[in-house]
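The values are calculated or read from the model by the stated rules, or taken from the named source; none is laboratory data. Source: prediction; values computed, not measured. Note that each Cβ is placed from the backbone with ideal geometry, even for glycine, and that neighbours are counted across all protein chains shown. Side chains are part of the model used for accessible areas, which takes the heavy atoms of the whole protein and leaves out ligands, DNA and RNA. Shrake-Rupley method; radii C 1.70, N 1.55, O 1.52, S 1.80 Å.
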Amino acid sequence: PAVTSPCKILKCNSEFWAATSGSHHVGAEEAPEFCTALRAYAHCTRRTARTCRGDLAYHSAVHGIDDLMVQHNCSKDGPTSQPRLRTLPPGDSQERSDSPEICHYEKSFHKHSAAPNYTHCGLFGDPHLRTFTDTFQTCKVQGAWPLIDNNYLNVQVTNTPVLPGSSATATSKLTIIFKSFQECVDQKVYQAEMDELPAAFVDGSKNGGDKHGANSLKITEKVSGQHIEIQAKYIGTTIVVRQVGRYLTFAVRMPEEVVNAVEDRDSQGLYLCLRGCPLNQQIDFQAVRSAQATEGRARRKGPSLPAPPEAFTYETATAKCREKLPVEDLYFQSCVFDLLTTGDVNFMLAAYYAFEDVKMLHSNKDKLHLYERTRVLTPGNAAATGTHPTLWVALLCLCWLCLL
């Protein structure tokens, strides 16, 4: 069953957006109505506070309300009915493209220096993580975990079990908070859940708000309900979110300067895209894959209980993954791993699209494929080329006997 949250912050956000939709600059004659809408918004967040504890969108809304209260000199006491502010004619902030230079990362941050070095992070499948340093991990990370947390944005994922009682998890919820930045963008929150991939921020807007550089942050829907792209030009960042089957995938392209922009260096270790999963959350990908292959061979050699019809064997999983991933890199191996642990063919598509996003977002085309480290050869799997040392000893002994 799809995960449903008792937190109703999205409803509060949409009600406030409906009450203030079309407002660009709140004039003196509209300030009382705007304050009324803000108080209603605050009242709504208080009603859902108990069930929203730990929800990033909720805390973002609460802080945003406080800031707007101060900006517009709104009293916390007063009417809380839901007025609708006067709408502006078409062509307001949603359509403006004359963003100031400060709202274009490459033009402003690097006007007199070399082009920025871009990095990539991705999360997909059961789940598999590719960090900003091109480390590839398979992790457990059940529950809510931070993917990115810096001065400009915060990304959090929630992973839930794929099957009851299974250790396999996948991403069922994603929250992205773009923090307010100079004259470019207001704070914006994007949230996606299973079977709900919106083409707008939680307040209904599709860009950075009412500031002059609002269009330096935009959402574009590529495939309805399946694929959205967020361009944050003011920080040189591109984010791709997909729904594949019932679960979400995440990919980002971000300059190193933005990745490392944090107030507290000690907190950097807390987020996955930079430091990877904690050791106690990592899965030994090689060991599990080896066991899966061994189990497949044992099944061929002797009688065993028949597998459920939806299950994959090691052979059928590798054959299925080769349909979309012909190169046997870690994306291919993660596909095999996921088919064996979940039996869901959509995980093959998740690995395929994750690699497609790498091809689009990674700045170094020589590092698109990742391969596992060479395993230490044991007597049971010594290399086929060359002659085994014991054979050389036997041959020498035979020659010595012949001479005698």
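Before moving on, here are some points about what is shown:
- Some residue of the range 300-313 being out of contact with any strand residue (DSSP E or B) (no Cβ under 6 Å at 6 or more places or on another chain), β-branched (Val, Ile, Thr) and modelled with pLDDT of 90 or more: yes
- Total residues in the range 325-336 satisfying the condition of being assigned to a helix (DSSP H, G or I) and open to solvent by less than 10 Å² (accessible area, probe 1.4 Å): the figure is 5.
- Taking the criterion of being modelled with pLDDT of 90 or more, open to solvent by less than 80 Å² (accessible area, probe 1.4 Å) and in contact with a Leu (Cβ under 7 Å, 6 or more places away or on another chain), the residues of the range 356-386 that qualify are Val358, His362, Leu370.
- Residue in the range 22-43 that is surrounded by fewer than 14 Cβ atoms within 10 Å (Cβ to Cβ), at pLDDT 85 or above and on the phi < 0 side of the Ramachandran plot present: yes
- Residue within the range 75-82 that is open to solvent by less than 80 Å² (accessible area, probe 1.4 Å), farther than 16 Å from Val185 by Cβ, modelled with pLDDT of 80 or more and part of a loop (DSSP other than H, G, I, E, B) present: yes
- Screening Val162, Val155, Val141 for residues that are touching a strand residue (DSSP E or B) at 6+ places or on another chain (Cβ under 8 Å), open to solvent by 10 Å² or more (accessible area, probe 1.4 Å) and of a type in the set (Val, Ile, Thr) leaves exactly one candidate, Val162.
- Looking only at the range 341-354, residues that are in contact with a helix residue (DSSP H, G or I) (Cβ under 7 Å, 6 or more places away or on another chain) and either basic (Lys, Arg) or surrounded by 24 or more Cβ atoms within 10 Å (Cβ to Cβ) (or both) come to 4 in all.
- Of the residues making up the range 215-267, those that are closer than 23 Å to Pro127 by Cα, outside any strand (DSSP E or B) and either open to solvent by less than 10 Å² (accessible area, probe 1.4 Å) or free of Cβ contacts under 8 Å to residues at least 24 places away in the same chain (or both) number 1.
- Residue pairs meeting the criteria (Cβ under 6 Å; at least 6 apart or on separate chains; first farther than 30 Å from Thr158 by Cα, in the range 55-81; second β-branched (Val, Ile, Thr) and modelled with pLDDT of 85 or more): Pro79/Thr36
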